[in-house]
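The values are calculated or read from the model by the stated rules, or taken from the named source; none is laboratory data. This is a predicted model, so every value here is computed, not measured. When we count neighbours, we look across all protein chains shown, and the Cβ atoms used for this are built from the backbone with ideal geometry, even at glycine.
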Amino acid sequence: MKIPSSQDRLPHSFYDRDPVQVARELLGMSLLRKNRGKWIGGQIVETEAYLSHGDAASHSARGKTAGNASMFGPPGTLYVYPIHAKYCLNAVTQSPGIGSAVLIRALEPVWGLPEMQRQRGTDERSRLTRGPAMLCQALGVDRSLDLTDLVHSASVGIFQSGQMPTRVCRTTRIGVTKAKHRQLRFFIDGNWYVSGRRQDHRTRPTRPNQIAIS
């Protein structure tokens, strides 16, 4: 599959909307990270929305702090936070000061598979980017990318792919202890790389026979 061009990069206006809408529409888009001079990444297959109001599971629920300040930044910038010695990557949504974002939970790897395997320290292709911490490790995402502008950065971006999913599931989020009833998780039905609960799929995921190496 051809790597998207700069003209395919999503604009700020895409992110300057309700995080629920952005989370749904990010599915199928391409997340790319430049590593050692080459783009690596894949197709976004799972996201979660975190709201600015009425969402106790959102980091912004406790107000703006030194640790979550980036979540209140401009739309289309990154909010990267540490978890268990790894990181999670979020795209900030809505206007500055609002405090909403979309967590990128999983990717289907497409470009730079050998480099992602090296950074993950595993040859197990099926688990390279199946979960938010795994995908950050595979792409080399760390706190240094916090507040990075996805629209203008030379090292990371989200691009239109021309392959929008037709089967999308919406469920409760994974691993939250508050606002557990909110159905703010979106994923491509039947995709092997979606993390978490297999029973949430309408179509049983099947392990791919072959993963393209680009």
For Gln199, work out the one condition from (1) polar (S, T, N, Q); (2) modelled with pLDDT of 95 or more; (3) within 29 Å of Gly54 (Cβ to Cβ) it doesn't fulfil. (2)
Give the range 109-126 a look and list any residue that's of a type in the set (S, T, N, Q) and assigned to a loop (DSSP other than H, G, I, E, B), or say none. Thr122
Are any residues in the range 73-93 on the phi > 0 side of the Ramachandran plot and in contact with a His (Cβ under 7 Å, 6 or more places away or on another chain), and if so, which ones? Gly76
Members of the range 29-38 that are surrounded by fewer than 19 Cβ atoms within 10 Å (Cβ to Cβ) and either closer than 22 Å to Val194 by Cα or free of Cβ contacts under 8 Å to residues at least 60 places away in the same chain (or both): Gly37
Residues of the range 1-28 satisfying the condition of being surrounded by fewer than 22 Cβ atoms within 10 Å (Cβ to Cβ), touching a residue at least 12 places away in the same chain (Cβ under 8 Å) and touching a helix residue (DSSP H, G or I) at 6+ places or on another chain (Cβ under 8 Å): Phe14
List pairs: first in the range 155-172 and in contact (Cβ under 8 Å) with a residue 40 or more places away in the chain, second polar (S, T, N, Q) and outside any loop (DSSP other than H, G, I, E, B), Cβ under 8 Å, 6+ apart or cross-chain? Ile158/Ser30; Phe159/Ser30; Gln160/Ser30; Ser161/Ser30; Ser161/Gln43; Gln163/Gln43
Residue satisfying condition, being at pLDDT 95 or above and touching a helix residue (DSSP H, G or I) at 6+ places or on another chain (Cβ under 6 Å), within set Gly140, Gly157: Gly140
Restricting the range 39-64 to residues that are part of a strand (DSSP E or B) and touching a Phe, Trp or Tyr at 6+ places or on another chain (Cβ under 7 Å), which is nearest to Ser195 (Cα to Cα)? Glu46
Going by the conditions given, is Ala106 in a strand (DSSP E or B) and touching a residue at least 24 places away in the same chain (Cβ under 8 Å)? yes
Name the one entry in Leu89, Leu135 that is crowded, with 21+ Cβ neighbours inside 10 Å, part of a strand (DSSP E or B) and in contact (Cβ under 8 Å) with a residue 12 or more places away in the chain. Leu89
Residues in the range 172-191 that are part of a loop (DSSP other than H, G, I, E, B) and touching a strand residue (DSSP E or B) at 6+ places or on another chain (Cβ under 8 Å) total 7
Sort out which residues of the range 175-187 are closer than 16 Å to Thr47 by Cα, of a type in the set (A, V, I, L, M, F, W, C) and modelled with pLDDT of 95 or more, and write them in order of number. Leu184, Phe186, Phe187
For Lys38, work out the one condition from (1) modelled with pLDDT of 95 or more; (2) of a type outside the set (Asp, Glu); (3) farther than 15 Å from Ala101 by Cβ it doesn't fulfil. (1)
In the range 92-102, anything in contact (Cβ under 8 Å) with a residue 60 or more places away in the chain and buried (at least 24 other Cβ atoms within 10 Å of the Cβ) is listed as Val92, Thr93, Ser100, Ala101, Val102
If only one of Arg204, Arg120 is of a type in the set (Lys, Arg), closer than 20 Å to Gly28 by Cα and either without any contact (Cβ under 8 Å) to a residue 40 or more places away in the chain or surrounded by fewer than 16 Cβ atoms within 10 Å (Cβ to Cβ) (or both), which one is it? Arg204
